[in-house]
Amino acid sequence: MNGEPDISEVDALSDTSDTQEEFKTETIDPNDFRVEADKKWPPPPPTEDHKVVHQLDEVTQDTEAKGIQIFDQLEIMSNSAAKIEKEIKNIKKYLENQEHLFSKLCATFPHIQSFQSALESTKELQKSEKIILNAANDINDASMQAMDLMQYQDIHRQKIERVINVMRALAQYMNSLFEGKIDDSKRVSSAVFIAGDNKEDVANEDDIEALIASFGAK
């Protein structure tokens with residue numbers, strides 16, 4: 001009122017100027033473009049590094065390939081642990097026979113120290129055999145658990161593939177929605193400026209009339 005500007009109008013003008021500055025046109029090099037989370041404009045150029053479906057396809061393909069390699073390594077670990085368990089049974093049987101033998105020798109010849117030392121060494125080896133067997137069992141169990149966990153990784157890969165299919169369906173829908181009967185190469189080019197555009201370097205009706213009047217005055 002009384003010629004003073006309305007505060008709401010000032011705020012509206014400020015918001016408009018901020019939006020214009022935010023989406024200000026600028027020339028970018030597509031080969032040197034870097035996506036920044038705090039910038040809304042300009043959008044990334046459609047290069048190979050920014051094609052969303054292309055990137056997701058690479059993720060799923062690499063994930064599947066690496067997953068197969070991991071499964072192969074886990075299978076090798078599991079098979080090796082099974083071999084250790086099988087071979088350790090033969091060692092266990094041998095140590096039991098040795099313990100039985102030296103126990104009899106110690107009972108028959110209690111004064112011979114070498115028999116007693118051999119019996120004690122055999123018992124220590126039996127303890128080591130149990131440790132090795134338990135470690136092999138742990139490796140086998142861990143390998144099986146890792147294989148189970150890898151199933152979840154495969155499920156996530158399938159979810160990404162589902163997202164890709166939805167995005168492709170949306171892209172095809174949008175292309176079909178905006179499809180025209182006239183080829184783009186045959187379309188009339190659009191005017192750069194149209195009457196009513198608010199542009200400082202565009203001549204308005206008053207400027208044109210003044211220009212015509214200046215020609216008439218010469």
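In terms of packing, defined here as the mean over residues of other Cβ atoms within 10 angstrom, the peptides 139-146, 182-189 line up highest first as 139-146, 182-189.
Straightening the chain between I68 and M144 buys 25.9 nm, computed as 0.36 nm per residue apart minus the Cα-Cα spacing. Pairs spanning more than 25 Å between alpha-carbon atoms, out of K51/K181; K66/K130; K104/K127; K66/K86; K83/K123: K51/K181; K66/K130; K66/K86. Distance between the pseudo-spin-label points of S80 and Q158 (7 Å out from Cα toward the beta carbon): 3.1 nm.
Only the coordinates and a few stated rules stand behind these numbers; no lab work does. Nothing here was measured: the structure is a model prediction, and the numbers come from that model. Here the Cβ is made from the backbone with ideal geometry for all residues, glycine too, and neighbour counts use every protein chain on show.
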